[in-house]
1. When you look at PHE256, is it open to solvent by less than 50 Å² (accessible area, probe 1.4 Å), under 24 Å from the mean Cα position of the chain (by Cα) and hydrophobic (A, V, I, L, M, F, W, C), yes or no?
2. Would you mind stating whether GLY265 is in a helix (DSSP H, G or I), over 26 Å from HIS137 (Cβ atoms) and modelled with pLDDT under 95?
3. Is it the case, given these coordinates, that ILE240 is of a type in the set (Val, Ile, Thr) and either closer than 30 Å to ASP193 by Cα or in a loop (DSSP other than H, G, I, E, B) (or both)?
4. With respect to VAL235, is the statement that it is in a strand (DSSP E or B), buried (at least 18 other Cβ atoms within 10 Å of the Cβ), aliphatic (A, V, I, L, M) and touching a helix residue (DSSP H, G or I) at 6+ places or on another chain (Cβ under 8 Å) true?
5. How many residues does region 1-22 contain that are closer than 27 Å to SER152 by Cβ and either hydrophobic (A, V, I, L, M, F, W, C) or open to solvent by less than 90 Å² (accessible area, probe 1.4 Å) (or both)?
6. Of the residues VAL170, VAL175, which is over 14 Å from GLU140 (Cβ atoms) and in contact (Cβ under 8 Å) with a residue 24 or more places away in the chain?
7. How many of the residues in region 243-258 are free of Cβ contacts under 8 Å to residues at least 60 places away in the same chain and not in a loop (DSSP other than H, G, I, E, B)?
Amino acid sequence: MAARYLEGYDAVHTDRVSMQWFVKTEAAQSEISGLHNHRVPSGYDAVPKQLMASFAPDCVSLHLNTIVDEIRWQRGQVEVFTHAPDGTPHTFTASRVVVTVPLGVLKNGFRFSPELPEKQAAMQQIEMGAVIKPVLHFRERFWHETMGFLFSDDEWIPTWWTQYPNEIPVLTGWVGGPRAERLSNQGKAFVIDRVLDALSGIFGLSRQRLDELLIASYVHDWQADPYARGAYSYVTVGGIDAPAVLAQPVEDTLFFGGEATDTLGYTGTVHGAIITGQRAAEALLKTR
């Protein structure tokens with residue numbers, strides 16, 4: 001049960017994860033009642049929209065669909081080379097930069113020039129966990145009306161939750177760690193087939209009945225997302241200090257945020273990502 005919890009909830013490999021890190025994250029979660037569930041009814045894009053609303057429009061501009069290829073830097077000077085989805089290049093220049101790129105992207109092709117060997121060494125002690133999240137919209141709720149979470153021993157998709165207390169016929173599945181890696185890059189049709197088989201066994205409904213009830217299905221394979229390359233990070237054995245090393249500014253020019261740089265025990269969370277971004281911004285402002 002402990003191994004299943006670690007793999008599913010923290011998306012780890014149990015033979016690699018640092019237990020020091022695990023104890024730290026569990027303690028941090030307890031301090032803020034982290035097992036209480038919260039949902040943003042309008043969707044998670046409300047979070048960056050709220051952050052943007054707090055910025056002065058004449059001081060901040062937001063560039064969407066802008067893919068970073070390389071950061072060239074020297075002390076007090078930065079060039080960020082980017083391209084749009086259609087290949088159009090654009091270069092941004094600044095005296096400093098805050099990097100909040102997901103760890104999976106940082107470890108897979110994201111370029112700094114000159115390179116950052118200390119950061120590379122720290123990243124080798126942090127891994128990106130795998131998660132696959134299917135969402136299914138049905139014509140009606142066939143589960144108990146007060147069901148919030150469901151935990152099973154299904155081989156493929158063991159964890160589910162509803163929209164309770166909202167009476168919406170939507171089920172969200174969750175699989176993390178090694179199980180998610182087995183499903184990753186298999187394609188939506190393969191995943192949904194496993195998903196419906198799992199629900200058929202859990203609820204005692206035939207596949208034909210589930211197919212009739214299903215209106216729409218969605219699958220997000222975080223490992224296959226080129227702008228994430230995984231769900232969230234975890235520290236491996238012997239790497240308890242790696243997030244702090246990754247978080248350290250470089251030459252008062254490069255500043256690092258993102259959940260993988262969290263040192264307070266909030267790795268893998270939205271609030272951890274926001275806290276580290278604020279920390280990096282505050283460190284940058286102190287160099288002015």
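1. Values: open to solvent by less than 50 Å² (accessible area, probe 1.4 Å): yes; under 24 Å from the mean Cα position of the chain (by Cα): yes; hydrophobic (A, V, I, L, M, F, W, C): yes.
Here the answer is yes, as PHE256 does meet what is asked.
2. Numbers: in a helix (DSSP H, G or I): no; over 26 Å from HIS137 (Cβ atoms): yes; modelled with pLDDT under 95: yes.
Considered against the rule, which asks whether it is in a helix (DSSP H, G or I), over 26 Å from HIS137 (Cβ atoms) and modelled with pLDDT under 95, GLY265 comes out as no.
3. Details: of a type in the set (Val, Ile, Thr): yes; either closer than 30 Å to ASP193 by Cα or in a loop (DSSP other than H, G, I, E, B) (or both): yes.
Yes; evaluated as a whole, the condition is true for this residue.
4. Numbers: in a strand (DSSP E or B): yes; buried (at least 18 other Cβ atoms within 10 Å of the Cβ): yes; aliphatic (A, V, I, L, M): yes; touching a helix residue (DSSP H, G or I) at 6+ places or on another chain (Cβ under 8 Å): yes.
Judged against the criteria, VAL235 is a match.
5. Just the residues of region 1-22 that are closer than 27 Å to SER152 by Cβ, to begin with: 1-17, 19, 22.
Next cut, either hydrophobic (A, V, I, L, M, F, W, C) or open to solvent by less than 90 Å² (accessible area, probe 1.4 Å) (or both) only: 1-3, 5-8, 10-14, 17, 19, 22.
Final tally of qualifying residues: 15.
6. On the way: VAL170 fails: over 14 Å from GLU140 (Cβ atoms).
None of the others qualify; the one that does is VAL175.
7. Residues meeting the conditions: 2.
Let's see how each residue does on (1) among the polar types (S, T, N, Q); (2) part of a loop (DSSP other than H, G, I, E, B):
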residue: TYR5; (1), (2): no, no
residue: TRP21; (1), (2): no, no
residue: ALA27; (1), (2): no, no
residue: HIS38; (1), (2): no, yes
residue: PRO57; (1), (2): no, yes
residue: SER61; (1), (2): yes, yes
residue: ASP86; (1), (2): no, yes
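The values are calculated or read from the model by the stated rules, or taken from the named source; none is laboratory data. Being a predicted model, the structure only gives us computed values, none of them experimental. Because the Cβ atoms are built from the backbone with ideal geometry, glycine has one as well, and the counts that use them run over all protein chains shown. When the accessible area is computed, the model is the full protein with side chains, heavy atoms only, and any ligands, DNA or RNA have been set aside. Shrake-Rupley method; radii C 1.70, N 1.55, O 1.52, S 1.80 Å.
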